[in-house]
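The values are calculated or read from the model by the stated rules, or taken from the named source; none is laboratory data. The structure displayed is predicted, hence computed values, not measured ones. A quick note on method: Cβ atoms are made from the backbone with ideal geometry, for glycine too, and the neighbour counts reach across all protein chains shown.
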Amino acid sequence: MSLEELLLSNTLQGILIRFSFNLAVLFILIRLIYYRFVKKEEYVFSFFLMGTIIFLLVSLLTTVNIQLGMALGLFAVFGILRFRTVNYTAKDMTYIFTIIGISVINSQANIPPPVIGGLVVNSIIIILAIILELFLKKNALTRVVVRYNKLKLLNPDLRDELLTDLTERTGLNIEKIRILRINIAKGRALLEVFFRDHSAS
């Protein structure tokens, strides 16, 4: 039996080969990309097990008479029940969806030709994730909340003076400011300032 026939088969050997490939892709996406840029180690465990379980479930579902659409519907229901109480960011949810998608794609291995097709599709996803992460890191602004006492500079016409004053006080290159709260009685304001953290690059 050739490698392509083995990859397309639902035998134990075929599933294990596809599983090893899927695990390698998940390691690159989760450990080398997600963890490096997001630094949320508590999600690494969940993401690995999620990708593994979804891969094995889809692989086993192909051996029974059930439509893939119904299987993905079950995953969606379980995902909503599990993650609706967790405060995930949009990026975290995107990684969750990507992990689910990769695991489903690799469990099927029906992209002709199987070996090259699987490598191309997974490489596209990984390369795109790296490019987007590097672009976001380069253009990302760090956020910090500060108390400010010069209320007269909060006038929109004095924005340049406000930026200059905050930059001098904090020693940070402030690029963006958002007013959170103003307390006129105490003469203070709560500001959300954004600056580019070159030390993190």
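Count of the stretch 27-59 residues, restricted to those that are within 12 Å of Asn106 (Cα to Cα) and surrounded by 21 or more Cβ atoms within 10 Å (Cβ to Cβ), is 4. For the stretch 41-64, does any single residue satisfy the condition of being under 16 Å from Leu119 (Cα atoms), modelled with pLDDT of 90 or more and of a type in the set (Ser, Thr, Tyr)? Within the stretch 41-64 (the criterion being under 16 Å from Leu119 (Cα atoms), modelled with pLDDT of 90 or more and of a type in the set (Ser, Thr, Tyr)), the answer is no, since none of the residues qualifies.
Could you pull out the residue among Ser107, Ser123 that is touching a residue at least 24 places away in the same chain (Cβ under 8 Å), of a type outside the set (Phe, Trp, Tyr) and out of contact with any strand residue (DSSP E or B) (no Cβ under 8 Å at 6 or more places or on another chain)? Testing whether each residue is touching a residue at least 24 places away in the same chain (Cβ under 8 Å), of a type outside the set (Phe, Trp, Tyr) and out of contact with any strand residue (DSSP E or B) (no Cβ under 8 Å at 6 or more places or on another chain) leaves just Ser107.
Residue pairs whose Cβ atoms lie under 6 Å apart, sitting 6 or more positions apart in sequence or on different chains, and linking a residue in the stretch 147-170 that is under 20 Å from Ile184 (Cβ atoms) to a partner that is of a type in the set (Gly, Ala, Ser) and surrounded by fewer than 11 Cβ atoms within 10 Å (Cβ to Cβ), do not occur here.
When Lys150 is tested against (1) surrounded by 15 or more Cβ atoms within 10 Å (Cβ to Cβ); (2) out of contact with any Asp or Glu (no Cβ under 7 Å at 6 or more places or on another chain), only condition (2) is not met. It is to be established whether one or more residues within the stretch 81-90 are modelled with pLDDT of 80 or more, of a type outside the set (Gly, Ala, Ser) and either assigned to a helix (DSSP H, G or I) or surrounded by fewer than 16 Cβ atoms within 10 Å (Cβ to Cβ) (or both). The answer is no; no qualifying residue exists.
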